[in-house]
Amino acid sequence: MTKRILSCMQPTNRLHLGNYLGALRNWVKLQDEGQGDSKNECLYGVVDLHAITVKYDPVQLKQATREIAAAYIAAGVDPKKSHIFVQSAVSAHAQLNWLFTATTPLGWLNRMTQFKEKAGKKKDQASLGLYAYPVLMAADILTYKATHVPVGDDQKQHLELARDIANSFNVHFCDGEEFFPLPEPVITGPATRVMSLRDGTQKMSKSAESDMSRINLTDDADTIAQKIRKAKTDAHSVPANEKEGEGRAEAMNLIGIYAALNDQSQEAVMAEFGGKQFSELKNALSDLAVAKLSPITSRMSELMADTAEIDKILAAGNEKANELAQPIYQDTLDIMGFWA
């Protein structure tokens, strides 16, 4: 049975190492899984409608969308195997979002913790879009009747809401028969949780104030080496085992990054570098990161120098996404009693 997989990123700021290890690298694997009738069908979106729920620059939005698409392609997402599309170019996203917004109980949204985290003490000044963000995410998924969605820890609650919305629709409008599938999370093995190079207790983030806290996919070799060299550690040697790493977030972050980039276990990395100075681990990590990321950076530069190629790829992806989404939206209108 074919899995229809959907995953997306916002065109806000530049993608970084955490995005690559936690998502993009897995997307590439997913597009190559299965064969024949059981081969995965993958849709990878740039969700620009989500990007406007917070303050943004309209002039830069389109270029930022291209850059995210360029990162997908440079990381190995193949437009011949996967559909790369822009959310705003597929009207069914926004249209289905309204149908779900009008039928989703407020109590479900009040349980969403991410709004509270993002809005903080200024929730009265936050946009309705930020509050209702999870409903649009559900629309993104169900617009294509996606069966599987790769999600990180911070998105699990939103996927549960998408399942609740799908189930509610099926019960209320289809007598319990499945019109919308209940999307399943994609488990890709041990999660690669990449933390800030300046604070090992915080996730590496596109929006962090210090650029030294992250390795951007657009950073050149010298910048990558400098950031790793200045990454925060502690006064002890590299931990040799899990017990020695307890309470040492920055040390374990560097070990985790090395392990993920080199497709090793953290135990294997600690066996190799345990007891040594952090300078040795950092030097090895710099060489490894440059070797892995430089081809991506170079390909992104090529693509951004010829935006006509990106636009052509996105136009084809948008056409395919619309082809898949529009019949589903029309069926939804009909089921709900609209003049479809």
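To make sure I understand, if each residue's beta carbon is the centre and we count other beta carbons within 10 Å, what order do Y20, Y133 fall in, fewest to most?
By the 10 Å Cβ count, ascending: Y133, Y20.
Just tell me the longest site-free run in the chain, where the sites are GluC sites (Glu not before Pro) in a DSSP loop having at most 13 other beta-carbon atoms within 10 Å.
The reported range is 34-176.
Roughly how compact is the range 95-251, stated as its Cα Rg over 2.2 N^0.38 Å to two decimals?
1.36
As a test, work out the antiparallel percent of DSSP beta bridges whose residues both lie in the chain, rounded to the nearest 5.
Once the DSSP bridges in the chain are tallied, antiparallel ones form about 10 percent.
Once you've got the Cα coordinates, tell me which of K203/K282; K55/K80; K203/K232; K29/K80; K80/K145 are over 24 Å apart.
The pairs that break the limit, which is 24 Å between Cα atoms, are K55/K80.
Would you grab the residues whose amide H sits under 5 Å from the one on E184? Only those 5+ places off in sequence or on another chain, please, with H modelled 1.01 Å from N.
Residues meeting the amide H criterion: H148, V149.
Take the eigenvalues of the Cα gyration tensor for the range 211-303, scale each by 5, and report the square roots as semi-axes in whole Å, largest first.
Ellipsoid semi-axes (Å, largest first): 25, 13, 10.
For T113 and N283, FRET efficiency with R0 = 45 Å and r from the beta-carbon atoms, rounded to 0.05?
Calculated value: 0.70.
Could you tell me the extents of the chain's C-alpha atoms along the three principal axes, largest first, rounded to whole Å?
70, 43, 42
Could you derive backbone 3J(HN,Hα) for the range 13-21 from the dihedral phi with the Karplus parameters 6.51, -1.76 and 1.60 (θ = phi - 60°), listing whole Hz in sequence and x where the residue is Gly or Pro?
6, 8, 6, 10, 4, x, 5, 5, 6
Normalised by the residues of the chain, what does the relative contact order come to in percent, with Cα pairs under 8 Å and at least six apart?
Relative contact order here is 22 percent.
What's the magnitude of the charge dipole for the chain around its Cα centre, counting Lys and Arg as +1 and Asp and Glu as -1 at the beta-carbon? Answer in Debye, nearest 20.
820 debye
Rank these for me by crowding, L142, L130, L6, going from fewest to most other beta carbons within 10 Å.
The order, fewest Cβ neighbours first, is L130, L6, L142.
Pull up all non-local amide H partners of K203: gap of 5 or more, or a different chain, and H-to-H distance under 5 Å with H placed in the peptide plane.
Those qualifying (amide H under 5 Å, at least 5 residues apart or on another chain) are S196.
Which of K276, K203 has the fewest other C-beta atoms within 10 Å, and how do the rest follow up to the most?
With the sparsest Cβ surroundings first, the list reads K276, K203.
No value in this document is a laboratory result; all are computed from the given coordinates. Keep in mind that this is a model prediction, so the values were computed, not measured. A quick note on method: Cβ atoms are made from the backbone with ideal geometry, for glycine too, and the neighbour counts reach across all protein chains shown.
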